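Take a look at the structure set out below.
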Amino acid sequence: MHCSEVRTAISARVDGEELPPGVSDAVLDAHLQVCAECRAWGERARSLKALAAGLV
């Protein structure tokens with residue numbers, strides 16, 4: 001799985017949406033275990049969502 005696909009899936013997960021077709025939670029989690037860049041991207045996405053939520 002490519003990082004760009006994982007980041008789309010992370011975005012969906014953060015937003016509470018369904019994961020893209022062909023991406024399961026297990027596949028996403030497995031990639032995140034081995035890819036520090038995607039883990040960091042996910043942390044930034046979650047932080048940004050929390051910050052945005054505080055603005056409303």
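The values are calculated or read from the model by the stated rules, or taken from the named source; none is laboratory data. The model shown is predicted, which means the values in this text are computed figures rather than measured ones. In this analysis, Cβ positions are derived from the backbone assuming ideal geometry, glycine residues included, and neighbour counts consider all displayed protein chains. Calculation scope for accessible area: heavy atoms of the full protein, side chains included, ligands and nucleic acids excluded. Shrake-Rupley method; radii C 1.70, N 1.55, O 1.52, S 1.80 Å.
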Checklist entry - Which members of region 33-55 meet the condition of being over 16 Å from Asp15 (Cβ atoms) and open to solvent by less than 80 Å² (accessible area, probe 1.4 Å)? => result Cys35, Ala36, Cys38, Ala40, Gly54
Checklist entry - Which of the residues spanning region 30-56 are of a type in the set (Gly, Ala, Ser) and modelled with pLDDT under 95? => result Ala50, Ala52, Ala53, Gly54
Checklist outcome for this item: Selection from region 9-27 of residues surrounded by 14 or more Cβ atoms within 10 Å (Cβ to Cβ) and closer than 19 Å to Ser47 by Cα yields Ala9, Ile10, Ser11, Ala12, Arg13, Val14
